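Taken together, the values in this text are just the output of simple stated rules run on the coordinates, not laboratory data. Keep in mind it's a predicted model, so treat the numbers as computed, not measured. So basically every Cβ, Gly included, is an ideal-geometry build from the backbone, and we count neighbours across all protein chains shown.
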Amino acid sequence: MADVKDFQKIAMPHLDSVFRAALAKTRNRTTAEDLTQTTFAKALQRFDTYREGSNCKAWLMRILHNTWIDQLRHRKVVGPEVPVEEELIEQDEPVEPTSWSDASDMLENFSDEQVIRALGELPEDQRMTLFLIDVEGLSQEEVAEITDVPVGTVKSRTSRARSALKERLHEHAIDLGFMGRE
Amino acid sequence: MTPLSDEQLEDVLQGRADQPEDLDSTSAAKLTEMKAIQARLQHAFASVQAPDRLRTTIEQQVTDATGPRNQDKPRTVFTQRFRRLWPAVAAAAMLLVGIPLLSVAFSGDSTAVAQTELAEIHESNLKPHDHNPSQERFPGGQPCEMAGWMSERVGKTVAVPTPGDGMELQASCMASFRNEKVASYLVLFDGNSISIVVLKEQPRDLGLIAARMFAGHRMNAGTSDKCNFLAVRFEGWTYVAVGEASHEVLAKPLVRLLTATTRPDRK
């Protein structure tokens, strides 16, 4: 159990990460600020439940995730939950893979904002899974716990999200004239 | 040559599995792309930081919660001497500390009483006028007139939020707070009835200590067993939103007050 006076030292260094995650989740700066603030207020209140030595960033991300779900439910904009199997079948449509001759060079053409916006176009579960794994460096197990799904689902979501992001960027590259149409 | 599935490549990327030395060229190209996307995402988000005002607000919340009672006591070389002298020091301390402590205790009581009074004002505002005929009340609908009616009674300009964006003004009501006449008004937002009570006291004097940011505006929140409270300072007044709705909902009419203000007509 952690002492609340250690909150400053243990939790506050993750403020930027929590804000980034809130922004990735909400896609709106003002809402992200409110969500970050509520997340820290709840974390402070429940800091005695934080296990010392465990990953505090992952603990905060779980609070953020649950807070956002609560807020969506409050606004009654959460859709019906789709069972994982059903979701996998629905999204398993074959997609013609895109190939890039030099991925790094091609990606350098995009501004940071364009990359963030392209990530924002993905469905929330894919978007957050890819964000938590790639940007925040959380493990698949930690993301599974945060998002309340099995590790296998995290793996498949990450993979699908990365492919979907690549496709989005590919389309934007064509629109912006970085690449020609095949 | 070993081909890997997408999920196996994810494991290699996350460092959970080693990259086979004889990885086939298709999988190797895919892995390179995955690494490039990961690096680009990390770079894109690296510059995103929490705004300074948000950091300040949260740090203030943490300081409020972990404040003086949790700070380490200073250790000085006088500690040993103090132990010998402590009975005399204790007697003096009782005199010196007792009086401020009593005032702190009473201030805690007085903020609890203030919040009870605010909850009672809200309860009274919710009653139909024929159940509460002694209450001075002005019907809603005309924001300028409502603001004018309240301003006349308290002798200083009182503002109201301009209706719209899902918010309606229902009535202005005069009330008594700490034995003084104060203005209040009832708004309806998204099915929630919220009273806005206009006071000269600072939020801290009402026990509303927790600082929160809503739509970029700093407000002070509090909760009693009956209601939630959210206060904002505006043009020399403290506007306190009172109701059973969450602080997020209470913030809506206050944000509207700050951004779409109606004041009495100057004649």
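Annotations
- Cross-link table A:Lys5/A:Lys25; A:Lys25/B:Lys252; A:Lys42/B:Lys156; A:Lys5/B:Lys226, entries beyond 27 Å C-alpha to C-alpha: A:Lys5/A:Lys25; A:Lys42/B:Lys156; A:Lys5/B:Lys226
- Listed by Cβ neighbour count within 10 Å, with the fewest neighbours leading, A:Ile10, A:Ile133 appear as A:Ile10, A:Ile133.
- Within the shell defined by Cβ-Cβ distances under 12 Å, the residues around B:Asn125 carry a net charge of -1, with Lys and Arg each +1 and Asp and Glu each -1.
- Net lengthening on full extension, B:Ser246/B:Lys200 (0.36 nm per residue, minus Cα-Cα): 14.2 nm
- Cut-off 11 Å between beta-carbons: net charge of the residues surrounding B:Pro253, Lys and Arg +1, Asp and Glu -1: -1
- For the pair A:Glu121 and B:Glu235, a Förster radius of 56 Å applied to the C-beta separation gives a FRET efficiency near 0.85, rounded to the nearest 0.05.
- Prolate/oblate/rounded label for region B:149-236 (Cα gyration tensor, a/c 1.5): rounded
- Calculated FRET value between B:Val113 and B:Gln135, using beta carbons and R₀ = 25 Å, to 0.05: 0.75
- Test item: B:47-59 mean partner chain Cβ contacts at 10 Å: 6
- 13 Å cut-off, amide nitrogen to a point 7 angstrom out along B:Ile209 Cα→Cβ, residues in region B:112-140: B:112
- Local net charge near B:Pro51, Cβ-Cβ under 15 Å (Lys/Arg +1, Asp/Glu -1): +1
- 10 Å Cβ neighbours from other chains, averaged over peptide B:30-39: 6
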